[in-house]
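First comes the structure, then the notes that go with it.
The values are calculated or read from the model by the stated rules, or taken from the named source; none is laboratory data. For clarity, every value in this text was computed on a predicted model and none was experimentally measured. Quick reminder, even Gly has a Cβ in these numbers, built from the backbone with ideal geometry, and neighbours come from all protein chains shown. Just so you know, the surface numbers come from the protein's heavy atoms only, side chains and all, with ligands and any DNA or RNA stripped out. Shrake-Rupley method; radii C 1.70, N 1.55, O 1.52, S 1.80 Å.
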Amino acid sequence: MLKLYNTLTRKKEKFKSIKKNEVGLYTCGPTVYDYAHIGNLRTYVFEDILKRVLVYNNYKVRHVMNITDVGHLTGDRDMGEDKLEKGAKREGKTAWEVAEFYTKAFKEDIKKLNIIGPDIWSNAASDKNIEKQIELIKILEEKSYTYKTSDGVYFDTSKFPDYNKLSHLKLDELKEGARVEKNDEKKNPTDFALWKFSPKDSKRQMEWKSPWGVGFPGWHIECSAISMRHLGDQLDIHCGGIDHINVHHTNEIAQSEAATGEKFFNYWMHGAFLNIQGGKKMAKSDDNFLTIENALIKKNINPLVYRFAMLQTHYRKPMEYSEDTIKNSEHGLNNLANKVRTLMFKVDNVKKYAVDKKFKEKFINVINDDLNIPQALAIVQEVLKSELSKGDKLATILDFDKVLGLDLQKQKIKELPKEIIDLAEKRKKAKQGKDWELSDKLRDEIQKKGYIVEDLQDNDFSVRAKN
Ligand code: AMP
Ligand code: ZN
């Protein structure tokens with residue numbers, strides 16, 4: 001039985017899909033005015049694990065992700081500049097070129113982290129999506145949920161009594177949060193833009209005609225329109241980072257349920273932040289922003305090391321980034337991949353072996369307990385230490401890797417020259433024989449030749465090339 005934590009109810013719930021054995025999954029995609037940072041990517045890895053767990057449980061998953069290429073303003077509450085137009089000014093390109101460039105960069109980044117892409121990518125600014133967004137706003141207008149101000153068409157949140165059903169905040173608290181960005185023309189601080197008018201004194205690069213005037217859609221309406229367009233009535237799970245709970249997802253629910261009169265998505269799941277510098281959220285608007293390129297690739301670190309680091313923290317717990325985290329994780333992944341490689345070396349055809357039933361049951365129990373991946377990694381270690389035959393061990397671990405996505409079968413370990421392997425073997429024997437003096441001497445010798453020796457638990461140690 002698969003249990004998932006649902007932000008709507010603040011409980012772990014038994015997962016039940018609308019259609020038998022099929023799941024409609026919607027994950028809020030990137031705003032493509034800059035590179036994704038490794039914090040954003042933590043959310044996409046959590047969603048990737050969710051999808052892999054669903055597939056492992058034999059669900060057929062239809063996964064849709066939007067690309068926010070219009071309408072996301074620098075303030076999440078409809079104030080400030082459009083992030084894409086801002087990016088265009090910064091780079092001396094058109095907003096369309098900026099969107100295209102960072103969409104491509106995002107797709108490359110997720111590949112590096114072995115994230116399985118969605119079945120459908122959908123751009124907010126595509127003609128069909130603009131049409132669908134306008135159609136939804138028209139329905140809301142007909143049902144009297146909207147009003148016009150000098151700068152746009154707004155959703156009147158006081159007309160949707162269940163407005164706080166996702167945030168679980170009192171209306172006063174929600175209003176307080178919304179006051180940060182002042183807009184005197186709004187009837188209620190929590191009201192949000194469905195359509196914004198182009199400014200009168202300047203021309204926007206991205207704008208469309210609408211029944212209310214030339215302009216562009218608000219940020220939230222795109223996810224309602226795109227999920228309805230591509231998932232139809234298969235609205236099972238909707239995900240994002242926790243920052244989306246109080247504004248973006250709350251507004252998506254209000255406008256969608258007001259328009260259709262039906263429940264919009266049964267399960268809402270949110271990933272916790274990647275923090276840096278002692279609990280500070282990594283953000284695109286801050287100078288603490290690290291990309292895959294500068295945090296890993298430039299340092300010659302395999303990006304999957306970062307994936308491995310993320311798997312060690314449960315998705316609902318905050319994770320602190322540091323270079324030490326990455327170093328430890330590099331160690332851990334190298335160790336694991338080394339062990340798998342040794343097994344692969346000794347097992348001629350893994351297909352002849354079976355996935356161990358007992359371990360598989362244990363593994364399913366933890367991943368189905370709201371994606372307890374840290375525990376799943378502990379089970380991988382148990383398998384390695386078990387009495388199973390080498391072939392069964394390998395078959396079991398490669399099966400679990402379908403969920404972990406560490407690509408263990410293909411991991412390239414930096415090869416060590418024979419001379420270093422021989423020295424390491426000698427040191428291993430010295431340690432087993434408790435000859436500490438010789439062991440230290442051999443460590444120094446290996447290090448002098450340009451390799452890193454790190455001592456681990458139980459007299460074990462690792463040797464790797466310097467990056
Ligand atoms: P954006 O490109 O800004 O629209 O954000 C893309 C996704 O990244 C959203 O689901 C956000 O909730 C998520 N996100 C933003 N910052 C972080 C962070 N520091 N850690 C984890 N997820 C984040
Ligand atoms: Zn969204």
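Some points to look at:
- The charge dipole of region 318-383, taken about its Cα centre with unit charges on the Cβ atoms of Lys, Arg (+1), Asp and Glu (-1) only, comes to about 620 debye.
- Peptides 239-251, 322-334, ordered by how many other C-beta atoms sit within 10 Å of their residues on average, highest first, read 239-251, 322-334.
- Here the extension length gained between Lys111 and Ser285 equals 60.2 nm, from 0.36 nm per residue of separation less the Cα-Cα distance.
- Spin-label zone in region 438-452 - amide nitrogen under 14 Å from a point set 7 Å from the Cα of Asp422 along the C-beta vector: 446
- Only Lys, Arg (+1) and Asp, Glu (-1) charged, at Cβ; region 54-148 dipole about Cα centre in debye: 300
- Using the Cβ-Cβ distance between Tyr147 and Asp407 with R0 = 51 Å, the FRET efficiency computed as 1/(1 + (r/R0)^6) comes to roughly 0.45.
- At R0 = 60 Å, FRET efficiency that the Cβ-Cβ distance of Lys357 and Glu176 yields, to 0.05: 0.65
- Label-point separation, Ser322 to Lys89 (7 Å along Cα→Cβ), nm: 3.9
- Sparse-neighbourhood loop sites, GluC sites (Glu not before Pro) in region 414-452 - DSSP loop, at most 10 other Cβ within 10 angstrom: Glu415
- Among the GluC sites (Glu not before Pro) found in region 174-231, those both in a DSSP coil and sparsely packed, with 15 or fewer other Cβ atoms within 10 Å of their Cβ, are Glu185.
- The chain: Rg to Rh, with Rh as the Kirkwood radius over Cα pairs: 1.04
- With a Cα cut-off of under 21 Å and a minimum spacing of 8 residues unless on different chains, the lysine pairs in region 42-110 number 9.
- Simple spin-label estimate for Lys299 and Ser462 in nanometres, 7 Å along Cα-Cβ: 1.4
- When a 1.4 Å probe is rolled over the protein heavy atoms, the share of accessible surface on region 219-345 that falls to carbon and sulfur comes to 49 percent.
- Nonlocal amide H pairs with Glu13, under 5 Å, H built at 1.01 Å: Leu4, Tyr5, Asn6
- Entry note, the chain: the mean residue ellipticity at 222 nm calculated from DSSP H runs of n ≥ 4, each adding -39500 (n - 2.57), is -13500 deg cm²/dmol after division by the residues and rounding to the nearest 500.
- Of the trypsin sites (Lys or Arg not before Pro) in region 195-291, the ones in a loop by DSSP (not H, G, I, E or B) with at most 16 other beta carbons within 10 Å are Lys200, Lys203, Lys209, Lys263, Lys284.
- Assigned charges on the beta-carbon of Lys, Arg, Asp, Glu; region 212-339 dipole about Cα centre (debye): 460
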